[in-house]
Amino acid sequence: ERQNLRHLICGNVDQPFLNEIGNLIGLERLELEWPMVAKDLSPLLALKGLIYLSIDSPRHISDFRALLELPALRTLIITNPKKMADLSWLVEAHHLEVIGIEGGMLTPYNIPTLAPLSGLRSLRAFLGVSTRLADQSLEPLINCPRLEYLGIACVAPLSEFDRLKNAKPHLICDWFRPEMWATLGTARN
């Protein structure tokens, strides 16, 4: 009945609710707020015009690959993904311009590596607030030709941020500013 709806914000989305959302084929922006308890993302595949999708605290989902089948999707933000093992499913996400994989307020998300983002042709911004990076390498971001903005926690040593800054001097990143490191003291090495 709500086929003209373009933007929907909803919380505590279970599977029947997500199934109903999948019928709103006019949606362009969807924000699934805390907590997202549905187990199957396939109803979203009917939203062919969806440009922006954010999912907060998907408790039961480990496989997000289906989201890459959304042809118009340009911004994907996933916060506090309890069961997402790594970012490998993003390796072919060449149509995404903004990717946010973020931890929760009290629970940082552990990213094994940023390697799956290397070479993403359309990526303009990566958001990684409240994250930890196991390999502490920012090198994969050097290979993202359109990257303009990096909003990330202090996930790597200063030398990695310096290397990224030298390779992408126009990139906007708070960790390129010396005063950010001054607040950390000796933790910058």
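The values are calculated or read from the model by the stated rules, or taken from the named source; none is laboratory data. This is a predicted model, so every value here is computed, not measured. With ideal geometry, Cβ positions are generated from the backbone for all residues, glycine too; neighbour counts draw on all protein chains shown. SASA here: full protein model, heavy atoms, side chains in, ligands and nucleic acids out. Shrake-Rupley method; radii C 1.70, N 1.55, O 1.52, S 1.80 Å.
Here are some notes:
- Label separation (Gln3 vs Ala182): 6.0 nm, computed from points 7 Å beyond Cα along the C-beta direction.
- Residue-normalised accessible area of the chain, given per residue in Å² at a 1.4 Å probe: 50 Å²
- Take every pair of alpha-carbon atoms less than 8 Å apart whose residues are at least six positions apart; their mean separation over the length of the range 18-79 yields a relative contact order of 36 percent.
- Cα long-axis angle, helix 158-167 against the chain (0 to 90 degrees, to the nearest 10): 80 degrees
- Surface accessible to a 1.4 Å probe, Glu28 within the full protein complex, Å²: 80 Å²
- For the range 45-189, with all protein chains in place and a probe radius of 1.4 Å, 53% of the accessible heavy-atom surface sits on carbon or sulfur.
- Separation of the Ile77 and Glu92 label points, Cα + 7 Å toward Cβ, nm: 2.8 nm
- Accessible surface of Asp63, taken over heavy atoms with a 1.4 Å probe and every protein chain present, rounds to 70 Å².
- With contacts taken as Cα pairs under 8 Å at a separation of at least 6 residues, the range 97-148 carries a relative contact order of 45 percent.
- Using the average count of surrounding beta-carbon atoms within 10 Å as a protection proxy, the listed peptides 48-55, 84-91, 167-174 rank, highest first, as 48-55, 84-91, 167-174.
- GNM remark for the chain: springs join alpha carbons under 10 Å apart, and the peak mean-square fluctuation among Leu147, Leu106, Leu164 falls on Leu106.
- Centre separation in Å (Cα based) which lies between the range 142-174 and the range 78-131: 15 Å
- Calculated mean residue ellipticity at 222 nm for the chain: -3500 deg cm²/dmol, from DSSP H runs with n ≥ 4 weighted as -39500 (n - 2.57), summed, divided by the residue count and rounded to 500.
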